Each structure stands twice: as C-alpha cells, then as structure tokens.
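Down below is the structure, laid out as structure tokens.
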Amino acid sequence: MSRAVAALVVLLAAGLAAALGLAMLDLPEPAVRLPARVAAKLGDSGVDHPVTAVLLNFRAYDTLLEVAVLLLALVGVLALARPHAARAAAPAHPLLQTLARLVAPLMVLVAGYLLWIGAHAPGGAFQAGAVLAAAGVLLRLAGLLPAWAQPGLLLRGGLALGLLVFVAVAVAVLGQGSLLQYPPAAAGGLILLIEAGLTLSIGLTLAGLYLAGTEVEP
Amino acid sequence: MSVGLLYALAGAALVAIGLAGLLLLPQLLRKILAFNILGSGAFLILVGLGQRDGGIDPVPQAMVLTGIVVAIAATALALALARQLLDLSGRMRLPEDGPDAGAADD
Amino acid sequence: MTDFLDPLPWLIMLPLAWGTLAFVLGPGRGGRLAIAAIALQGLLVLQLAGQLLAGGARVHAVGGWGAPLGIDLLADGLAAVMLLLAQAVALPLAIYARGYFAAQPKGRELFWPMTGYLLAALNALFLSADLFNIYVTLELLGLAAVGLVAIAGGQAPVTAALRYLLATLLGSGAWLLGVALIYGSYGSVSLAILAPLVGADAPLAATLAAALMLAGLLLKTALFPFHFWLPPAHGGAPAPVSALLSALVIKATFYLVLRLWLELFAPLTTVAAAQLLGILGAAAILWGSALALAQTRLKMLVAYSTVAQVGYLFLLFPLATLVPPDAAESAVQGGVMQAVAHGLAKAAMFAAAGSMIVATGRDDIGRLGGVGAHLPLTLFSFGLAGVTLMGLPPSGGFSAKWLLLRAALETGQWWWVAVMIAGGLLTAAYVFKVLRRAFLPVASGDRVTRVPRTLEFSAFALALAAILLGLFGAPLLALLAVGGAA
C-alpha cells in the first residue's frame, strides 16, 4: 500500500477519534434513565444481581441470539476443520500432566460455584463456561484429551443443549403473553435452568473452538 | 471530568488505533487483533458514556458482556479462516489485488 | 392459547430450533426438516400479513417488559414485506439446495445449520425495534453468511470469506459505535423511545452516530465503492449460498438503511446526503454492469450484476428526501419493489447458473454451448430473471423502475432516469451474452449432462414469481403501507 493511502487512513482514524471525543464532551442529559428502571423491577426478575437480571431476563432475548452466534461460530470452524497433515505432537511434560490432572476437577468445581453465585454477585453461565473451557484446553495441552475432527452425536447434543433449552423455555412461557415472559414465581428457577444448560454448552463450545482447530493425531 | 467519560475517551483512541490497524496492517493475525482493539474501544465507549455521571448502569454492562461473546465468536471464526488460508497458500495475508482486479481473469 | 399461536416469535424461534436440530442430527442431515420448517414459516408470514392488513402494525414486547427496559419486536408493513421475501426465496432455494448438494456434495455437511441461523438472523433483524438487538442480529447474519461462503473450502472461497468477514465486522463495529453514542445521548436503544427524542437540534453525538451506522451498513450492503468484497464471496460460494446471499443478506442491511433514513434519523437527513447516496447508486449501476459484461465466469457475471442492482435500491434516497409526499411514497414503493424483484430474480439467476455449471462441469461462459438444447427450462428461467433485472414489462423489475421513474419525473430529477435507462441497456447486454452462448451447439469435447428436475423447477418458480410480482404487485404495496413506513 502506498504511503499516501497509509497517511490518508491514519488521518481518517485520527479524525474519527477527534470527532468521537468532541461528541462525547458535548452530550445532553439522557432523557431515559434505565438504571432506575432496572432497580425498580429487580424484585420481579428472579435474581438479585442487576447485570444478571438484564442478561437473563430484561434483555434475555439478546443473550439467546448471542448463544446462537457462539454455536454458529463453532459450526463455521467445524466446517473448515480438515484433518491436517499429521504432525507428531511433542509429548507433554509429566509435570504439566500431573498438574492438569490435579487442577481440572477443581476447575469444574469453580465453574459450578460461578454458575450458582451469578444470581447474587458477578458470575453466571459465561464465566462458568469459560472456566470449563479452560479446563478442556489445559487437558488438551497436557495431552490428556484428543482433538475433535467431527464431534459425535453425544457431543453435538451437549453443544446444542444450552440453546435448545433456552429456546424451549422462551416458547414454553408464550402463554404468559410473550416470548421469554417468565411467570414471576418461576423466574429464578427458569433462569437457573437456562444458565445450567448454557454453562455446559458454552464450556464445550469454547473448548471446541480450540480443540477443533488443532492438529489431529494419526 | 468523570471516570466514565475518561474511559469513553480512551475508547475513542482505541477505536482509531483499531481502525487504522485493520485497514493498514497486511498480516492477518494483526488485522484480527486490530478488530479486537476496535471492538474493545466501542465497548469502553458504551460502558463509559452510560456511567459518566458516576452511577452504575447495568444495562450497558450486560450489553458489553453480550458483545464480548459475539467478538469471541467472530475472532474464532476469523482465526480458523486465517489458519485455513495459511494451510492452503502458505501465507498469512490476503492477496494484494485491489477491487475488481480479477474482473477479466478466468 | 392464542398467545402460543402468535406468528411473530415463532418466525425467529423456528429457524433457530431447526438449525440447531440439523446440527445435532449430523453432517449433511436436516434438509427435509428445513424444507418443512421453511414452508411453515411461509404460512406464519402470510398469517402475520393478514393480521397487519386487518389490524395495523403489531408490537411484541419480549419478556413482557416493554421498551425501554425490555426489547420490542415490531411488525409493520415494511418488515412484513421483507419477511415475505425472505421466506418466498428461502423455500425454493432449500428445495434447490437438496438437489444441488446431492449432485455436488462439497460443502453439504454443515449447510443446513448455517442456513437455519441465517434465516433466524434475517427474520429477527426485520422484526427488531431495538438498536443493540439489531447489532446482535447483524453479527449472527454476518457470521452465518461468511461461514456459508467458506463452506466448500478451497483457497479462493476461503480468501473471499476472510475478506467478507473483515468487511462485515468493520461494518458491525461502526454500528456498535453508533449504538454507544446513541445510548450515551439518550439513555435508550429502543427505536420507539428514541424516535420522538431525535430532532433537528440533535447533539453532535447523534449526527456522528447516524453517519457511522450508515457507513457501516453501506459497507455491508456492498454499495459502490464498498463492493470490493462481494463478487468473490458471492461468485465463489456454492450456488444455493450465492443465491441466498445476493437475494437476501444484502437486502437486510439495505432495509436498515431505509428504516433509519425514513424514521429514526429522518430529522437529520439532508438533500446533499441523499444526492450522494444516489450518485453512489448510479456509479454502482454503471460500474457493476460494465464489469458484469467483462466477466468470463458465469457466477462472477451474476455477482457483478448484484453490485449493479444494489445501485437501483439507493436511487430511492434522492427521490424520497425532502420532496412532496406523493413522490416520496412512489420512490419508497419503487425501492422496496426493486428489493423484492431483485431478490426473487437474482435467486433464480444464481440457481439457474448453478444448474448450468453442474451440467457443463465448469464455470465458463465460453463453454455454455448446448445448455439451451439440454436444459431449456433452466435457460428460460435465467432469461426470465434477466427480464426482471432489465426492467422490462410485465416483470416486478418493471414496476419497481416505473415507480422510481415516476418519482424522478415528479421531482424533476431527470438525470436518474438516464442512469436507469443506461443500466437497463447494459443489463440486457450481459444477459444476452449468456443467452447467445447457451444457444450454440455443444462444442466438440464438451458434454452437457442432465441435472435433477428439482434444480430446474425451483429456479423456474423463483423467476416466475419475479414476473408475477409485476402483474400482482398491488397487494404487496397495500401491505407496505401498513404502519406508515411508506
């Protein structure tokens, strides 16, 4: 790329930053105050952490689509994953293997805790799923877990479970009047059910994004 | 100036850096990183502006959590594609022909 | 009980569910499930259209909270027309895809799950009335489209998919930035809440947000000069994918441009900005048509034709901005009619091109000899689709261009008429370039094999629909008028 084009791009980027800065320094007072509305309805949401309430109740529909995005990314990665030229993987250090064996069960425990605490404090399905996925990656790096070329039926079911449970709950409560309108008394339980399914599926999906991309042993 | 606004201004700088990187850097891994910097800038602006009067606003925080997961998904797909391109062509960059260069080839 | 039968939520949940089930069923499975489900989605849209015509626009408050705390879905005439287009294109293409992947198995493994998510994203996008929710639908749509482009593997498609991915991510990044500025200015992302708040005295942040969101959408819609990613992506993918992308995916972002321009950001629009969009559209028509004429590969020709046809969509902006209401209405009707007509015709054209490539075994316009003799219905479908793209009566393309023409003459902007006529002539040139070759006898050494009948009939159904749209377009315009978008 020529110097002139590069200079133009830098100028464009700097101009955008300047415009953004100017716009931010001259903002009106917002006409709508959502934090107050969230606080007012928190008692009806089924959880007492406001971010979880927004994620899994007030704007749960965003989260549902986002789970689909994550699964879709894995489907895209799987479509690309071809058995690469078999490359002899260096055997993992025994210390790493021992450590991974030791830490992995602990990580599952932490994931369970994060899932449970999400209703009251920072935590929830995504954080728990990320820890699960990290355990999977660790086991893979230690050579204790094989890479997947094509996941089998059971694994595909596990990957899809979170989204399927979410969709099923979303339409099961249509009788209340609209999509994802939980009956107030059951909201907490339904959110925990959705989050439990999501934890498993998100953990598998995130791990799969890594495991499906690595070399397959002969 | 509130802390929230400071975050938002830092976000604007990140957006500019990410935009320039995405357009200028030829190496795919750097392009993908640049996209992530751009995204982080946008997230900072979203959260920062929402909390510029000092209070905590859970709505943009939840939106950013959604956005982060979406960005992870997009990054994973981009990395898988880049990896595939590396396997197929031996190069980690897009060919440099401009728009419509391939018009008359077969 | 009636709550359970509301078509609105099902239009989004159904494709999500069958896409996921197709994934669980396993590689290559789920085609029949998809066809049945899309047919059901088609019935749901018809039911929804009936509800709108009888009772006006409908809002569905997801979670029961209502904006601004919750997310609202809005079904008005414009959304219903786009939903109708999406299901009408998807059903024949799904039938086509089953036959196509039986003949060309490369890429069939994960086609159905990705298509399910693609349709879910389209339906969700058309129905969303929330700027941040639209961001999520845009990402779902973009990743599904990119995944589909790369599905058959190979260096050229993977390169095209990466270029497309980077472009589409930059586009959604710009959208998200706009959403952040809007939330910072007004404290809400709901279209219904924001509409009365955005006025001519809007702060700089709102104007900047409008510009960023518009730029991001233009990049995703591949309007000239942002079209660089489109031809290799649409031209390199398997034929059913090309058809879905050209017919529907770029229409989704055009739909957002139209909605923002006419509703949320209407107080900020200027004649200069509208003229600029029109000029870019005119440049797209001329440049895309000329390059289509220069192609030697059939699918690249059809892909460049999409670059050109996108241009017509943007002619509506100079014809609908700050002009008398009659002309504006005609322009919007023309633009939407063009989106629908092009969607049907381009799906037919890519489907027919795919059949010709299967039959001749290569993607080469110079080697199409014998197609006319062996695949007459496919070639006829290609020609019928061409009639719509040229804008000849009685096709849907003619109605679209007629409505745009009327608006141009009413507002005294005759120069757009010249562009439309030149574009029509160039279109005729590249369509006849294909037809002329196809009517030649088979060249020695080449052979033309038969293709499954489902390939021929599904392409024909789409091409016929594009023609019938011209004869029976009035109900569609009546539907479009529901809710005051046009």
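Of note:
- Taking the centroid of alpha carbons for each part, segment C:152-195 and segment B:27-88 are 11 Å apart.
- Take C:462-468, C:411-417 and order them by the average number of nearby Cβ atoms within 10 Å per residue, most first; the result is C:462-468, C:411-417.
- Partner shielding of A:166-176 amounts to 4, given as the average count of beta-carbon atoms from other chains within 10 Å of each residue beta-carbon.
- Dipole orientation for segment A:45-211: of the candidates A:Leu155, A:Gln181, A:Gln127, A:Leu155 has the Cα lying most toward the positive pole (charges on Cβ; Lys, Arg +1; Asp, Glu -1).
- Other protein chain Cβ atoms within 10 Å, averaged over every residue that makes up C:13-19: 5
- Extending 7 Å from Cα along the Cβ direction at B:Ile56 and again at B:Arg30 yields two label points whose distance is 4.0 nm.
- Within the listed set A:Ala18, A:Ala36, A:Ala81, the Gaussian network model of chain A (springs between alpha-carbon atoms below 10 Å) gives the highest mean-square fluctuation for A:Ala18.
- A Cβ-based charge dipole, computed about the Cα centre of segment A:45-211 with Lys and Arg at +1 and Asp and Glu at -1, lands at about 580 debye.
- Other residues whose C-beta falls under 10 angstrom from the C-beta of B:Gln27 contribute a net charge of +4, scoring Lys and Arg +1 and Asp and Glu -1.
- Highest-first arrangement of C:291-298, C:191-198, C:472-479, where packing means the average Cβ count within 10 Å: C:291-298, C:191-198, C:472-479
- Across peptide C:130-137, the mean count of Cβ atoms from other chains lying within 10 Å of each residue's own Cβ comes to 5.
- Sum of -39500 (n - 2.57) over DSSP H runs of 4+, divided by residues of chain C (222 nm, nearest 500): -24000 deg cm²/dmol
- A Cβ-based charge dipole, computed about the Cα centre of the protein assembly as shown with Lys and Arg at +1 and Asp and Glu at -1, lands at about 2040 debye.
- Comparing A:Ala207, A:Ala187, A:Ala79 in a Gaussian network model of chain A, where Cα atoms under 10 Å apart are tied by springs, the biggest mean-square fluctuation is seen for A:Ala79.
- Whole-number D in µm²/s for segment A:45-211 (Stokes-Einstein; Kirkwood sum over Cα pairs; 4 °C, 1.567 mPa s): 76
- Charged side chains reduced to their Cβ positions (Lys and Arg at +1, Asp and Glu at -1) give chain B a dipole of some 420 debye around its Cα centre.
- Comparing A:Leu11, A:Leu71, A:Leu180 in a Gaussian network model of chain A where C-alpha atoms under 10 Å apart are linked, the largest mean-square fluctuation is found at A:Leu11.
- Rg and Dmax [Cα atoms of segment C:139-225; Å; Rg one decimal, Dmax integer]: 16.2, 52
- Three-way shape call for segment C:272-486 based on the alpha-carbon gyration tensor, with the a/c threshold at 1.5: prolate
- Note on chain B: Cα convex hull, mean projected area over all directions, 8.2 nm².
- Under the Karplus curve 6.51 cos²θ - 1.76 cosθ + 1.60, θ = phi - 60°, whole-Hz ³J(HN,Hα) for segment C:111-123, x wherever Gly or Pro sits: 4, 5, x, 5, 5, x, 5, 4, 5, 4, 5, 4, 4
- Structure-based [θ]222 nm, chain A - -39500 (n - 2.57) summed over DSSP H runs of at least 4, per residue, nearest 500: -22000 deg cm²/dmol
- Between segment C:51-80 and segment C:262-321, the alpha-carbon centres lie 30 Å apart.
- Amide H contacts under 5 Å for C:Leu392: C:Phe398, restricted to partners 5 or more places along the chain or on a different chain, H placed in the peptide plane at 1.01 Å from N.
- Pairs from B:Lys31/C:Lys433; B:Lys31/C:Lys220; C:Lys106/C:Lys346; A:Lys41/C:Lys251; B:Lys31/C:Lys346 whose Cα-Cα separation, in the structure shown, is over 29 Å: B:Lys31/C:Lys433; A:Lys41/C:Lys251; B:Lys31/C:Lys346
- Each listed q (0.07, 0.11, 0.13 Å⁻¹) maps to a log10 I(q)/I(0) for chain C from the Debye sum over equal C-alpha point scatterers, namely -0.33, -0.84, -1.20.
- Whether segment C:45-142 is rounded, prolate or oblate, judged on the alpha carbon gyration tensor where a/c under 1.5 counts as rounded: oblate
- Segment A:1-84: C-alpha gyration tensor shape, a/c 1.5 cut-off, then a/b vs b/c: oblate
- Calculated on the alpha-carbon coordinates, the convex hull of the protein assembly as shown measures out at 153 cubic angstrom per residue.
- Segments C:41-48, C:238-245, C:279-286 sorted - mean Cβ within 10 Å per residue, highest first: C:238-245, C:279-286, C:41-48
Laboratory data are not the source of any read-out in this text; all were calculated from the coordinates shown. Quick caveat, the model's predicted, so the values are computed rather than measured. Ideal geometry is used to build each Cβ from the backbone, glycine not excepted, and the neighbour counts take in all protein chains shown.
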